[in-house]
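Everything on this sheet refers to the single structure shown next.
The values are calculated or read from the model by the stated rules, or taken from the named source; none is laboratory data. Remember, predicted model here, so these are calculated numbers, not experimental data. Note: ideal-geometry Cβ built from the backbone for every residue, glycine included; neighbour counts use all protein chains shown. With ligands, DNA and RNA removed, areas are computed over all heavy atoms of the protein, side chains included. Shrake-Rupley method; radii C 1.70, N 1.55, O 1.52, S 1.80 Å.
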Amino acid sequence: FMTVSAMMLGLTALLFSGLLGSVNALMEQAQVPDLLQMHTGALEESQISRFAGEHPEIDQWQICRFLNLDNSQVALGGHSLLDSTQDNGLCVQSEHFDYLLDMDNNRPHVLPGQVYVPVCYRARYYLNIGDTMQIGGERLTIAGFLRDSQMNSMMASSKRFLVSQWDYERLNPQVKKIVFVLTINDALANRLHFGMLKDAYVRILDQTGHELVSFLMTDYYNNVISMMIGELYQHNGAWKFNAVGNGVAKDLAGLCALYGVQVL
């Protein structure tokens, strides 16, 4: 009896040591923040930046967008999330810390049309790589599973699904238009212009690499340094492409200002 008890105690110690090492590796690779604040509604980034600048104990800060999903419109591998009590949402990879990791503790590179799903859902819904995540009428292919240092456990009320920046913007119901812009870096300082270029084009491919649409620029002007080459826009619930080709004698910041976007 004493021998068995000693063996069980030894095994428990080994399991605990392995678990602790695994957790520490996850936290180190993910670069876990000291504080995470969930927020909804309008957010004044300039105020947060000023607050951080006034407090030297704040080493880094960032804002991570979270696109809430209607669980009734979401299905994983054919299993509806209608009865889920989790706050599920889409996000992109963090820039500075709080990274979402794959099963090998690496930061996955997510391609358009792909999604990485929280690992807690893998066994819950019998998921495999290659299965489909459906969001309303949109479909994404499950490319892998996530280890989330903040929301990994089902005890956490929120779950992050990792998608590409492209899909995040495309699936955001507030986004009605996506403009493709071509600019020349430091054009004003180096006196560069589009008259020095040729064969500039934009192509849109599906996730298999098949070309859906393309637009080759034919006109190049000496006074143009930024070009709105094309745009995707929503029309009657479907995305359409429009070739634009309008150039301006403004740098990227000046071009963004035409759309009401401020470059920090």
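Taking amide H atoms as placed 1.01 Å from N in the peptide plane, the amide H of Ser226 lies under 5 Å from those of Val248, Lys250, each 5 or more residues away in sequence or on another chain. Amide hydrogen proximity for Ser158: with H placed 1.01 Å from N in the peptide plane, the residues at 5 or more positions away or on another chain lying under 5 Å are Asp87. Springs between Cα atoms under 10 Å define the GNM used for the chain, and in it the highest mean-square fluctuation of Ala243, Ala123, Ala75 occurs at Ala123. Shown for the chain: the carbon plus sulfur share of the solvent-accessible area, taken with all protein chains present and a 1.4 angstrom probe, equals 53%. Dividing the mean sequence gap of close Cα pairs (under 8 Å, 6+ apart) by how many residues the chain holds gives a relative contact order of 14 percent. For the range 142-150, putting each phi into the Karplus relation 6.51 cos²θ - 1.76 cosθ + 1.60 with θ = phi - 60° gives couplings of 6, 9, x, 10, 9, 10, 10, 5, 9 Hz, in residue order, rounded to whole numbers and with x for Gly and Pro. Using a Gaussian network model of the chain in which every pair of alpha carbons under 10 angstrom is joined by a spring, one finds that among Ala30, Ala156, Ala143 the greatest mean-square fluctuation is at Ala156.
Where does helix 2-30 land angle-wise versus the long Cα axis of the chain, in degrees 0 to 90, nearest 10? The answer is roughly 10 degrees. Could you pull out every one of the lysines with an alpha carbon less than 16 Å from that of Lys240, ignoring same-chain neighbours closer than 8 positions? Answer for Lys240, where 16 Å is the Cα cut-off: Lys176, Lys177, listed by chain and number. Between Ala253 and Glu45, the modelled labels are 1.5 nm apart [label points 7 Å from Cα along Cα→Cβ]. Which of the three applies to the range 65-177, rounded, prolate or oblate, going by the alpha-carbon gyration tensor with a ≥ b ≥ c and a/c under 1.5 meaning rounded? Judged from the Cα gyration tensor, the range 65-177 comes out rounded (a/c under 1.5). Computed with a 1.4 Å probe over protein heavy atoms only, the accessible surface of the chain comes to 64 Å² per residue. Were the residues from Lys177 through Leu192 laid out at 0.36 nm apart, the gain over their Cα-Cα distance would be 2.5 nm.
Quick one: Cα centre-to-centre distance for the range 69-135 and the range 176-241, in angstrom? Each part reduced to its Cα centre gives a spacing of 31 Å.
For a quick check, take a GNM of the chain with Cα springs below 10 Å and name the residue from Leu69, Leu140, Leu192 with the largest mean-square fluctuation. Answer for the Gaussian network model of the chain: Leu192. Each residue, His210 and Thr85, gets one label point 7 Å from its Cα in the Cβ direction; the gap between the two is 4.4 nm.
At full extension, Gln150 and Val244 could sit 29.6 nm farther apart than now, given 0.36 nm per residue minus the alpha carbon distance. Taken one residue at a time, the phi angles of the range 173-179 give Karplus couplings (6.51, -1.76, 1.60, θ = phi - 60°) of x, 7, 8, 10, 8, 10, 9 Hz. Gly and Pro are set to x. For Asp131, the residues 5 or more places off, or on other chains, whose built amide H falls under 5 Å of its own are Ile142.
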